[in-house]
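Participant: Following this message is one structure expressed as structure tokens.
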Amino acid sequence: MQTQTKQLSIFAALALLMAATRFNHFGSAVALPDASLAVFFLGGFYLAQQARLGMLMFAALLALAGGMDYYATSVGGVSDWCITPAYSFLIPTYAVLWFGGRWFAQHQQRGWLNLGVFAASAAVATTLAFLISNLSFYLLSGYFPAMGAAEYAHSVAQYYLPYLSSAAVYLAGAAVVHGLLTRRSGLPVVHG
């Protein structure tokens, strides 16, 4: 029962982080960058080990993201330019991150090597998420019928580093907090 309570607490913290940051992709002088990518990776790491509960939490985070986007575009005055048939591809985009976090939870190492495995798995999952979301937007949004794939790739390449670095900042912070909490509680550093 304690594990389930701990998972619900982690879920609530991740949902709050996403709710507090989802309104601005890369951040601004008054808003933090969107933490959704990191939230789904961390959800996979902390919440996916119990398959049924993990999938319910994944679905709940998806619903929260969709609900926030609906609110932002219908009530909050945010442009609905990104709401196209490609929007449904946020499901596999976030699933890649979720399963990347789950993969990391199952393949951790002890010691400093763990940081490299963490960074590599997060970078690969985030890169795949970037490719899925941008390729689906190119193919399904209807905005680029005259633009060739190479031209589109060149135009969205400028967003790759901010996409990756926004997730990396949150994930690095989570790694520090995880390390401090596991050392302080006497629990082993390796999760899972």
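Participant: Calculate, in whole percent, how much of the Cα-Cα pair population of the chain lies beyond 20 Å.
Facilitator: Distances greater than 20 Å cover 57 percent of the Cα pairs.
Participant: Pick from L14, L131, L180 the residue whose mean-square fluctuation is largest in a GNM of the chain, springs joining Cα atoms under 10 Å.
Facilitator: So, out of L14, L131, L180, the one fluctuating most is L180.
Participant: Quickly rank 92-98, 132-138 as a protection proxy: mean count of other C-beta atoms within 10 Å, highest first.
Facilitator: 92-98, 132-138
Participant: Could you calculate the contour length gain from L56 to Q108, that is, 0.36 nm times the residue separation minus the distance between their Cα atoms, to one decimal place in nm?
Facilitator: Here the answer is 16.3 nm.
Participant: Continuing with the same structure: Could you check the spin-label model distance between F23 and T3? Points 7 Å from the Cα along Cα→Cβ, value in nm.
Facilitator: 3.9
Participant: In addition: Students sometimes get this wrong: rank I10, I83 by accessible area, probe 1.4 Å, all chains present, largest first.
Facilitator: Result of the area sort, largest leading: I83, I10.
Participant: Roughly how much of Y152 is accessible, in Å² to the nearest 10, using a 1.4 Å probe?
Facilitator: Around 10 Å² of this residue is reachable by solvent.
Participant: Run the Debye formula on the Cα coordinates of the stretch 41-124, all scatterers equal and no solvent, and tell me log10 I(q)/I(0) at q = 0.13, 0.26 1/Å.
Facilitator: Normalising to I(0) and taking log10 leaves -0.52, -1.16.
The values are calculated or read from the model by the stated rules, or taken from the named source; none is laboratory data. Since the structure is predicted, the reported quantities are computational estimates derived from the model, not experimental observations. Note that each Cβ is placed from the backbone with ideal geometry, even for glycine, and that neighbours are counted across all protein chains shown. Surface accessibility is based on the protein's heavy atoms, side chains included, excluding ligands, DNA and RNA. Shrake-Rupley method; radii C 1.70, N 1.55, O 1.52, S 1.80 Å.
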